[in-house]
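Step one of this worksheet: look at the structure below.
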Amino acid sequence: MDGTIFGYTESQIAQFGLTFGLGAFIFYMLFIVLSLAKESKAGKFGTFILFLVLSFGMLGFLAKTLIQWMLGL
């Protein structure tokens, strides 16, 4: 054993899971918010508010990723 799993280190697997796994989960949550808006018949403004409030935390994660990419970290 050289500290790898299928040729990848633990940090590479964690980075992949954080980037792609959490990204896929974010898209899934957006579909859930859209479903909530449709079921509640929220209208255009209500749908906007639902996406704004319920997706605010996702925006922070995406902003962090974008800033890290721009800084080259």
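Read-outs: derived from the displayed coordinates by stated rules, not from any lab. Quantities reported herein were computed from a predicted structural model and do not represent experimental measurements. Reconstructed Cβ throughout: ideal geometry from the backbone, glycine too, with neighbour counts over all protein chains shown.
Does Gly17 count as free of Cβ contacts under 8 Å to residues at least 12 places away in the same chain and surrounded by 13 or more Cβ atoms within 10 Å (Cβ to Cβ)?
No, not satisfied.
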Report task. Could you grab the pairs with beta carbons closer than 7 Å, sequence gap of 6+ or different chains, first residue in the stretch 25-37 and over 14 Å from Gly57 (Cβ atoms), second one aliphatic (A, V, I, L, M)? Result -> Leu36/Leu50; Ala37/Leu50
Report task. Kindly list, by first and then second residue, each pair from a residue in the stretch 49-71 that is under 15 Å from Leu30 (Cα atoms) to a residue that is part of a helix (DSSP H, G or I), limited to pairs with Cβ atoms under 6 Å and residues at least 6 apart or on different chains. Result -> Leu50/Val33; Leu50/Ala37; Phe51/Val33; Leu54/Val33; Met58/Ile26
Query raised in the report: Before we move on, is Gly72 out of contact with any Phe, Trp or Tyr (no Cβ under 6 Å at 6 or more places or on another chain) and at positive phi?
Result: yes
